[in-house]
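Everything on this sheet refers to the single structure shown next.
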Amino acid sequence: MADAEDPVQIAESGEADVDMGTAEEVQEIEDDNAEAEGEGEGDETTEPNGDGPASNPQTIFLEYLKSPIVQLVVGDGDEETTLTAHKAILTKSPYFNDLLTNASDDELVLSLPDEHLDAVGCFLQYQYTGEYFPRRLANAPDGLESDPSVPSVDDTGAQLLKQARVYTLAQKLGLPDLKTLAHSKIHRINSTAVGEIAYARYVYGNTPSDDVTIRKPVAAFWATRSHVLRHEAELEFKAMCLEYPQFGFDVLSLVLDQREKRVREREEDGTPGGSKGRKRMRPSVNI
């Protein structure tokens with residue numbers, strides 16, 4: 001799909017699909033990975049301003065590991081689980097930095113009752129390693145590392161929801177790079193209409209109405225394919241429209257906008273000089 005600012009093109013047949021990622025976004029992540037791989041090469045490096053040797057990344061990482069341990073109590077009730085992480089790793093997030101700045105090292109316990117365990121685990125893996133499973137791989141068929149524990153086609157939306165939860169968590173924690181990475185993985189998951197509806201429900205229930213990064217592509221996807229996909233998940237599609245009227249309105253608006261555009265193009269092409277092709281009816285006059 002094109003960037004959010006570009007007009008959404010609605011296909012007239014069910015054969016067209018929507019690429020919900022962007023080439024610029026993919027290139028940005030690949031460039032970032034290439035830069036990361038290049039760090040640390042050579043015997044000596046200098047700071048960008050030329051003031052002296054650059055800090056050793058290994059030394060910086062060791063300093064992270066020397067910091068106090070923080071307990072993260074994730075979930076609520078029977079789902080409650082305690083994870084641990086180094087304070088210096090967590091404070092790279094503005095959200096956690098605000099919570100931990102004035103906290104005593106003897107009372108480093110944070111409660112996250114509304115967060116999903118798997119999303120927090122992905123966040124921690126990313127903070128320590130710069131990636132999280134499944135990793136982005138250039139030589140993989142869909143650009144993602146194979147996961148033998150899940151079906152090749154996401155027919156429930158579970159794989160889409162995993163990435164969407166990481167996306168919304170990254171937004172909350174103030175981590176734009178993790179947010180971009182999660183967004184790029186969403187568009188590499190093969191899913192069914194049922195899975196897409198489950199994903200759409202989460203997006204419309206957990207993102208602001210002005211979000212154009214993942215909410216607008218959801219509406220565009222269904223505006224393009226709803227005439228085909230709604231028959232594969234008609235009950236789910238109807239329930240989604242009733243539960244989130246904004247979803248139905250967004251989809252309908254895109255469909256109608258594109259229909260109006262096609263009508264204007266036909267009228268402009270109808271006569272030489274670009275004038276409207278439909279002639280105004282001449283009233284009959286009885287003399």
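The values are calculated or read from the model by the stated rules, or taken from the named source; none is laboratory data. Every value quoted in this text rests on a predicted model; they were computed, and no experiment measured them. Backbone-built Cβ (ideal geometry, glycine too); neighbour counts: all protein chains shown.
Could you please find all residues in region 142-176 being more than 14 Å from Glu196 (Cβ to Cβ) and of a type in the set (Ser, Thr, Tyr)? Outline the logic, then answer.
Step one: filter region 142-176 for residues more than 14 Å from Glu196 (Cβ to Cβ), giving 142-152, 162, 165-176.
Answer for region 142-176, where residues must be more than 14 Å from Glu196 (Cβ to Cβ) and of a type in the set (Ser, Thr, Tyr): Ser146, Ser149, Ser152, Tyr167, Thr168.
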Is at least one residue of region 140-157 of a type outside the set (S, T, N, Q) and under 25 Å from Gln71 (Cα atoms)?
-> no
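Suppose the filter is in contact with a strand residue (DSSP E or B) (Cβ under 7 Å, 6 or more places away or on another chain), among the hydrophobic types (A, V, I, L, M, F, W, C) and closer than 24 Å to Glu80 by Cα; does Leu137 pass it? Full working, then the answer.
On the way: in contact with a strand residue (DSSP E or B) (Cβ under 7 Å, 6 or more places away or on another chain): yes; among the hydrophobic types (A, V, I, L, M, F, W, C): yes; closer than 24 Å to Glu80 by Cα: no.
No.
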Residue pairs qualifying under the 7 Å Cβ cut-off, at least six apart or on distinct chains, with the first in region 171-197 being buried (at least 18 other Cβ atoms within 10 Å of the Cβ) and of a type in the set (S, T, N, Q) and the second being modelled with pLDDT under 95 and in a helix (DSSP H, G or I), are Ser184/Glu25; Ser184/Val26; Ser184/Ile29
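When you go through Val212, Val120, Val203, Val166 one by one, which is the residue that is touching a residue at least 40 places away in the same chain (Cβ under 8 Å), in a helix (DSSP H, G or I), of a type in the set (A, V, I, L, M, F, W, C) and under 28 Å from Asp250 (Cα atoms)? Step through it out loud before you land on a result.
Values: Val212 fails: in a helix (DSSP H, G or I); Val120 fails: under 28 Å from Asp250 (Cα atoms); Val203 fails: touching a residue at least 40 places away in the same chain (Cβ under 8 Å).
One residue alone meets the criteria, Val166.
How many residues does region 100-129 hold that are out of contact with any Leu (no Cβ under 9 Å at 6 or more places or on another chain), surrounded by 14 or more Cβ atoms within 10 Å (Cβ to Cβ) and farther than 22 Å from Asn206 by Cβ? Lay out the reasoning, then the answer.
Going residue by residue through region 100-129, those that are out of contact with any Leu (no Cβ under 9 Å at 6 or more places or on another chain) are 101-102, 104-107, 113-114, 118, 125, 128-129.
Checking the rest, the ones that are also surrounded by 14 or more Cβ atoms within 10 Å (Cβ to Cβ) come to 118, 125, 128.
Within this subset, residues satisfying the condition of being farther than 22 Å from Asn206 by Cβ are 128.
Of the residues in region 100-129, 1 are out of contact with any Leu (no Cβ under 9 Å at 6 or more places or on another chain), surrounded by 14 or more Cβ atoms within 10 Å (Cβ to Cβ) and farther than 22 Å from Asn206 by Cβ.
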Based on what the data block shows, is Val74 buried (at least 18 other Cβ atoms within 10 Å of the Cβ), within 29 Å of Arg215 (Cα to Cα) and β-branched (Val, Ile, Thr)?
-> yes
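Are any residues in region 40-75 assigned to a strand (DSSP E or B) and modelled with pLDDT under 80, and if so, which ones?
Listed by number, the residues that qualify are Thr46, Pro53.
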Filtering region 81-117 for residues that are part of a helix (DSSP H, G or I) and within 16 Å of Pro68 (Cβ to Cβ) leaves a count of 8
If you take the residues in region 253-267 that are in contact (Cβ under 8 Å) with a residue 24 or more places away in the chain and aliphatic (A, V, I, L, M), which one is surrounded by the fewest Cβ atoms within 10 Å (Cβ to Cβ)?
-> Val255
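Any idea which residue in region 135-149 is modelled with the highest pLDDT, counting only those that are of a type in the set (A, V, I, L, M) and more than 15 Å from the chain's Cα centre (by Cα)?
Filtering region 135-149 down to residues of a type in the set (A, V, I, L, M) leaves 137-138, 140, 144.
Filter again for more than 15 Å from the chain's Cα centre (by Cα), leaving 137-138, 140.
Values: Leu137: 92, Ala138: 89, Ala140: 85.
Out of the qualifying residues, it is Leu137.
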